[in-house]
Amino acid sequence: MKINEIFYSLQGEGHWTGTPAVFIRFSGCNLHCGFCDTEHNSGRELSVDEIISEASKYPTQHIIFTGGEPTLQLTRSLVDRLHQLGKYLHIETNGTLPLPDRLDETIDWITVSPKDAPIKIQRIDELKVIFHGAGQNMASFDALPVTHADCRYLQPCDVNNPDTNVRIIADTIDYIKQHPQWRLSLQTHKLLGIR
């Protein structure tokens, strides 16, 4: 598997905000979103044993597969081996690909952050939509089935422009107040200056 990086930090977004976790960032993605804030294309080939060895250096049981798009490479052997070690496995995906090898039945938590592409993943535990501001069509996201009803999050898109970001945040708050099935997700890792 081509891995961009493995690091230990706090989850900065969504339901698990503040939770210590090992992040296993897979290289590559099937989408090319203009607002993507992650450099994920580089990386090195690592075996299952090498990934487990690196991830096991840290005291948390929570492991997050992220990317890029982890469904392109995630394997049953990695998932099974980490579960044998008592790890809680969480995947962050754009949802455009089904999980391979029936992994939807074994992954502990699935966060889907949909983009402008059809959703094909089998299960959504948490839905995290990047919100670009007033006028964004939310109808397709409102219709998605989410396992946990209180896990629908809107996250203001960071466009690296302070004035525009203020407007997007205000629009996000306004939308949530009008549609209370949604909750606010902020990129707290950026606010705290951590990875």
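Every number here is computed from the coordinates shown, using simple stated rules; none is lab data. A quick note: this is a predicted structure, and the numbers were derived from the prediction, not measured. Using ideal geometry, Cβ is built from the backbone for each residue, glycine included, and neighbour counts are taken over all protein chains shown.
Only one of the values (i) 116; (ii) 165; (iii) 130 was calculated from this structure for volume of the Cα convex hull per residue in Å³; name its label.
The value computed from this structure is option (i).
Quote the charge dipole size of the chain about the Cα centre in Debye, to the nearest 20; the model charges only the Cβ of Lys and Arg (+1) and of Asp and Glu (-1).
That gives a dipole near 100 debye.
Give me the number: length gained by fully extending S140 to A170, i.e. 0.36 nm times residue separation minus the C-alpha to C-alpha distance, one decimal in nm. Can you show the working numbers first?
Numbers: separation 30, 0.36 × 30 = 10.80 nm, distance 2.20 nm.
Full extension from S140 to A170 adds 8.6 nm.
For Y88, list long-range residues whose amide hydrogen, built 1.01 Å from N in the peptide plane, is under 5 Å from its own amide hydrogen.
H62, I63
Relative to the longest principal axis of the C-alpha atoms of the chain, give the angle of the C-alpha long axis of helix 162-178, reported between 0 and 90° and rounded to the nearest 10°.
In the chain, helix 162-178 runs at an angle near 80 degrees to the longest axis.
Distance in nm between label sites at H132 and Q187, each 7 Å beyond Cα in the beta-carbon direction?
Each label point lies 7 Å from its Cα, and together they span 1.6 nm.
Calculated FRET efficiency, F7 and K177, Cβ-Cβ r, R0 30 Å, to nearest 0.05?
Between F7 and K177 the formula returns 0.25.
Between N160 and R195, what's the calculated FRET efficiency when r is the beta-carbon distance and R0 is 25 Å? Round to 0.05.
On the way: r = 18 Å, r/R0 = 0.71.
After rounding to 0.05, the efficiency reads 0.90.
Sequence gap of 8 or more, or different chains, plus Cα separation below 30 Å: how many lysine pairs satisfy both in the chain?
So the count works out to 22.
In deg cm²/dmol, rounded to 500, what helix-only [θ] at 222 nm does the chain give when every DSSP H run of at least 4 residues adds -39500 (n - 2.57) and the total is split over its residues?
Result for the chain: -6000 deg cm²/dmol, rounded to the nearest 500.
Taking the Cβ-Cβ separation of A149 and Q61 as r and a Förster radius of 25 Å, what is the calculated FRET efficiency to the nearest 0.05?
0.45
Report the Cα centroid-to-centroid distance between the stretch 115-191 and the stretch 1-16 in angstrom, as an integer.
If we compute the Cα centre of each part, the gap is 20 Å.
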